[in-house]
1. Pull out a ≥ b ≥ c, the square roots of the eigenvalues of the alpha-carbon gyration tensor of region 148-286, then state rounded if a/c is under 1.5, prolate if not and a/b is larger than b/c, and oblate in the remaining case.
2. Of LYS18/LYS126; LYS49/LYS110; LYS18/LYS182; LYS182/LYS238, which pairs sit farther than 32 Å apart, going by alpha carbon to alpha carbon?
3. Please work out how much length the chain gains when fully extended from ASN230 to GLN26, using 0.36 nm per residue of separation minus the C-alpha to C-alpha distance, in nm with one decimal.
4. For the chain, take N as its residue count and report Rg(C-alpha) divided by 2.2 N^0.38 Å.
5. Beta carbons within 10 angstrom, averaged per residue: use that to sort the peptides 225-235, 33-43, 121-131, 166-176, highest first.
6. By how many nm would the segment from ARG89 to MET203 lengthen if fully extended, with 0.36 nm per residue of separation less the alpha-carbon distance?
7. Length gain on complete extension for the stretch LYS282 to ASN123, per 0.36 nm per residue less the alpha carbon to alpha carbon distance?
8. What value, in deg cm²/dmol to 500, does the helix sum -39500 (n - 2.57) over DSSP H runs of n ≥ 4 give at 222 nm once divided by the residues of the chain?
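Every number in this text was worked out from the coordinates using simple rules, so none of it is lab data. Since the model is a prediction, treat every value here as computed from it, not as a measurement. As a convention, Cβ positions derive from the backbone with ideal geometry for all residues, glycine included, and neighbour counts pool all protein chains shown.
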Amino acid sequence: MAQLVATLASTHHPFYLKATTMPPEQQMPQAPEWKRKIESYRETLERTKPDILVMIGSDHFHQIFLDNCPQFLIGKAPRYDATFYNEEREFGIPKYVLEGDEDMSSFMHKNLMDQDFDFAFSNELKIDHSIICPIITVRPDADLPVVPIYTNIFAPPLPSPRRFYNLGRAIRKAIDAYPSDKRIAAIGTGHLSLELGGPRQFMETGPDPEFDHKAIEWLRNGDIDAILDNVDHESMAKSGNATHGFLNFILMLGVAGPEAADYVDNLDLFHTMEAYFTWYPKEDAA
């Protein structure tokens, strides 16, 4: 059977590449530290030598719209074009073509359906920066096949935090059951407190520093009970109008199992808190 070798969960700041590659005299003061932190985080994936990446992200209304918005979707294509025009224009993110793994996508789709998660699927999925940003940060050569999974964190009604956690557990079971000797890494991105277009977007701190610090500690300790006791749709909305991206962190804790993280780091970028977590599998977490 396939082997899960690492679970990674992080924020996906679209300006990272531009912020750390422009001429030094034009860079923001935090850019050198940001680059050092990303390079350290990248090593947590590199050391596991994965063969396939299961990538969890959320479409920012680039391809999925309000006319047909699935709660959960899996890509089943042989390859995936990536990066939309506005992401090139605003963020300086280049275009990519990622190789898919149709066999694993098909297996996971059926396995998740058998676990009562009714996934939509796409054979023509184009992916955006929620998946390309972690490719840039932890696998910049973009040389591994991917199985992309999209979740709905933007268009209410949203699945509950518990549903996201249970989906993470189901994804873990599907990975463990995949009949292959491949080494699999699961990588997902979301947000801590975040405000987009609202009055708290450019505060001196992130929209809700108290939530950010609690969230980091919950994930550091693998404390799913504390998360489910304290986090719901209303509380996330109070922390910032885009804080529901934290649901993807909850999902990734489900993939890892309720375990303490093996690697934790963060960086305060004044309008958002960047955070990086890696879990290595424990025998009793499956």
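1. Working: a/c = 2.01, a/b = 1.68, b/c = 1.20.
Verdict is prolate for region 148-286.
2. Working: LYS18/LYS126 22 Å; LYS49/LYS110 27 Å; LYS18/LYS182 34 Å; LYS182/LYS238 42 Å.
Pairs exceeding 32 Å: LYS18/LYS182; LYS182/LYS238.
3. Numbers: separation 204, 0.36 × 204 = 73.44 nm, distance 4.08 nm.
Using 0.36 nm per residue and subtracting the Cα-Cα distance, I get 69.4 nm.
4. Here the answer is 0.93, to two decimals.
5. Numbers: 225-235: 14.4, 33-43: 15.9, 121-131: 20.3, 166-176: 22.2.
In descending order of packing, they fall as 166-176, 121-131, 33-43, 225-235.
6. Values: separation 114, 0.36 × 114 = 41.04 nm, distance 2.48 nm.
Using 0.36 nm per residue and subtracting the Cα-Cα distance, I get 38.6 nm.
7. Values: separation 159, 0.36 × 159 = 57.24 nm, distance 3.37 nm.
So the chain would gain 53.9 nm between LYS282 and ASN123.
8. Numbers: 10 runs with 106 residues, N = 286.
The helix-only estimate for the chain comes to -11000 deg cm²/dmol at 222 nm.
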